Amino acid sequence: MSAAPPDSGAPLGGSHEAPHEAPHEARLDSPLVNSSPTATRATGLARTVRGAFTGGSLVAPATLVVLLVIVLPGLQLIRYSFNRFDPVEMMSAATTGANYVKFFTDPYYLTVLWTTIKVASLCTALALVFGFPVAYVLARTQSRFKSLLVMLLVFPLLVGNVVRAAGWMVMLGNAGFVNSLLVSLGIVAEPVRLLYTPFAVVVGTTAVVLPYMILTLQSVLEGMDFSVEEAARNLGATFRQTLTRVILPMAAPGIAAGTMLVFILCMNAYATPVLLGGTGITMMTPAIYDQIAKANNWPFGAVLSIVSMVVTFALAIASHWLIQRRYAKTMMT
């Protein structure tokens with residue numbers, strides 16, 4: 001009688017010892033390794049580098065455009081301002097401050113600068129006064145015609161400033177709609193000279209920049225929490241108190257942004273002052289054009305450009321800072 005075969009699961013050598021497993025090496029991504037301070041700092045540094053690289057790649061194209069379109073031409077303009085005017089060659093390379101001395105000692109150009117500041121400030125104030133109620137209504141309304149109203153605001157931006165100025169020339173002329181209405185109502189006996197006056201420039205420029213102010217304010221007002229306004233009214237605040245203590249302080253960032261944008265546009269207006277102002281008013285941008293395109297005095301035209309840019313940005317930043325400071329003080333009280 002033969003012996004039974006050995007169990008197939010048993011080792012041939014009869015040993016019942018379990019096979020030894022190789023020790024596992026610690027993985028780099030294991031929680032034990034990653035929990036060390038060094039690894040945590042390395043991971044944070046890597047994320048920071050990746051974020052900086054991603055942000056830099058997004059900003060780089062815009063930075064390049066600004067560098068090529070604004071910074072480099074601006075530096076070239078500064079260099080031109082120190083050249084010497086030559087009637088034959090337009091300008092000769094030099095390093096002189098005579099052009100700046102001419103501007104700051106000539107009462108005519110100082111008057112032009114002051115006129116530009118006054119017109120730009122007045123147009124900005126009018127755009128804010130007329131634009132804020134419209135922006136407030138657009139932000140609060142739930143009407144189905146809201147999109148249509150916004151389209152009506154955007155539509156004038158699709159029309160060139162020259163075309164709009166030509167329309168105002170027809171409206172404000174001696175035989176235009178405004179004078180015809182005034183005469184027909186018996187307010188005046190004969191047409192009033194409205195065209196080629198500072199009044200025409202202010203009206204035309206305000207009409208140009210008004211959509212920018214409204215759209216800027218609307219975007220900020222739509223982000224406001226109107227329950228705060230309702231709470232103020234429920235607590236007995238009048239409309240004036242609600243407006244001055246709640247609505248305007250909350251809308252201050254939009255007011256600052258809209259004021260800054262509109263003021264810059266007004267300071268650099270060209271077509272509207274030329275077509276509606278004529279010889280009755282001179283502003284900085286037409287004066288720059290006259291010096292460069294007509295008189296071929298590039299150095300002095302560069303001086304006018306630099307002075308206009310510096311004054312524009314200085315006043316715009318100052319107004320923005322004052323509004324933001326007022327906003328901060330109001331929110332603290």
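Which condition number in (1) in a helix (DSSP H, G or I); (2) free of Cβ contacts under 8 Å to residues at least 12 places away in the same chain is the one that Ala237 fails?
The number of the failed condition is (1).
Output the qualifying pairs, or none if there are none: Cβ atoms under 8 angstrom, residues six or more apart or on different chains, first residue in region 195-215 and within 12 Å of Trp168 (Cα to Cα), second residue among the hydroxyl-bearing types (Ser, Thr, Tyr) and in a loop (DSSP other than H, G, I, E, B).
Tyr196/Thr279
Only residues in region 277-290 that are free of Cβ contacts under 8 Å to residues at least 24 places away in the same chain count as the first member; pair them with residues that are acidic (Asp, Glu) and surrounded by fewer than 21 Cβ atoms within 10 Å (Cβ to Cβ), Cβ under 6 angstrom, at least 6 apart or cross-chain, and list the lot.
Listed pairs, sorted by first residue: none to list.
Those residues that are surrounded by 10 or more Cβ atoms within 10 Å (Cβ to Cβ) and not in a helix (DSSP H, G or I), I need them from region 221-234; list them, please. Reasoning before the result, please.
As a first pass, look at region 221-234 and keep what is surrounded by 10 or more Cβ atoms within 10 Å (Cβ to Cβ): 221-224, 226, 228-233.
Once the filter is applied, which keeps residues that are surrounded by 10 or more Cβ atoms within 10 Å (Cβ to Cβ) and not in a helix (DSSP H, G or I), region 221-234 yields Glu222, Gly223, Met224.
Tell me, yes or no, whether region 182-197 has at least one residue that is assigned by TED's automatic domain parsing to the domain that holds Gln324, part of a helix (DSSP H, G or I), in contact with a helix residue (DSSP H, G or I) (Cβ under 9 Å, 6 or more places away or on another chain) and not acidic (Asp, Glu).
no
Before we move on, is Ala252 small (Gly, Ala, Ser) and buried (at least 21 other Cβ atoms within 10 Å of the Cβ)?
no
Any chance you could count how many residues in region 105-140 are in contact with a helix residue (DSSP H, G or I) (Cβ under 8 Å, 6 or more places away or on another chain) and either more than 26 Å from Ile288 (Cα to Cα) or among the aliphatic types (A, V, I, L, M) (or both)?
So the answer is 19.
Being over 29 Å from Thr205 (Cα atoms) and part of a helix (DSSP H, G or I) narrows it down to one residue among Leu149, Leu67; which is it?
Selected residue: Leu67, the only one of Leu149, Leu67 that is over 29 Å from Thr205 (Cα atoms) and part of a helix (DSSP H, G or I).
So the check is Cβ under 7 Å with 6+ separation or different chains; which pairs have a first residue in region 183-194 that's touching a residue at least 12 places away in the same chain (Cβ under 8 Å) and a second one that's part of a loop (DSSP other than H, G, I, E, B)?
Pairs found: Pro191/Asn174.
Please work out which residue is surrounded by the most Cβ atoms within 10 Å (Cβ to Cβ), limiting yourself to region 292-320 and to residues that are touching a residue at least 40 places away in the same chain (Cβ under 8 Å) and outside any helix (DSSP H, G or I).
Going through the qualifying residues, I end up with Asn297.
Would region 81-101 turn up any residue that is within 29 Å of Ala207 (Cβ to Cβ) and either of a type in the set (Phe, Trp, Tyr) or not assigned by TED's automatic domain parsing to the domain that holds Asp290 (or both)?
No, every residue in region 81-101 fails to be within 29 Å of Ala207 (Cβ to Cβ) and either of a type in the set (Phe, Trp, Tyr) or not assigned by TED's automatic domain parsing to the domain that holds Asp290 (or both).
Show the residue pairs meeting these rules: Cβ distance below 6 Å; 6+ apart or different chains; first residue within region 140-160 and among the aliphatic types (A, V, I, L, M); second residue outside any loop (DSSP other than H, G, I, E, B) and loosely packed, with under 14 Cβ neighbours inside 10 Å.
From residues that are among the aliphatic types (A, V, I, L, M), there are no pairs.
Which condition from (1) of a type in the set (S, T, N, Q); (2) within 18 Å of Pro286 (Cα to Cα); (3) without any contact (Cβ under 8 Å) to a residue 40 or more places away in the chain is the one that Asn174 breaks?
(2)
Scan region 74-84 and give yes if some residue there is within 21 Å of the chain's Cα centre (by Cα) and in a helix (DSSP H, G or I), otherwise no. So that I can check it myself, show each step before the final result.
Let us first name the residues in region 74-84 that are within 21 Å of the chain's Cα centre (by Cα), namely 74.
Adding the requirement that they be in a helix (DSSP H, G or I) leaves 74.
Scanning region 74-84, I find at least one residue that is within 21 Å of the chain's Cα centre (by Cα) and in a helix (DSSP H, G or I), so the answer is yes.
Kindly evaluate Thr124 against the criterion of being among the polar types (S, T, N, Q), touching a Phe, Trp or Tyr at 6+ places or on another chain (Cβ under 6 Å) and within 27 Å of Ile214 (Cα to Cα).
yes
The values are calculated or read from the model by the stated rules, or taken from the named source; none is laboratory data. Everything quoted here is computed from the prediction, not taken from an experiment. When we count neighbours, we look across all protein chains shown, and the Cβ atoms used for this are built from the backbone with ideal geometry, even at glycine.
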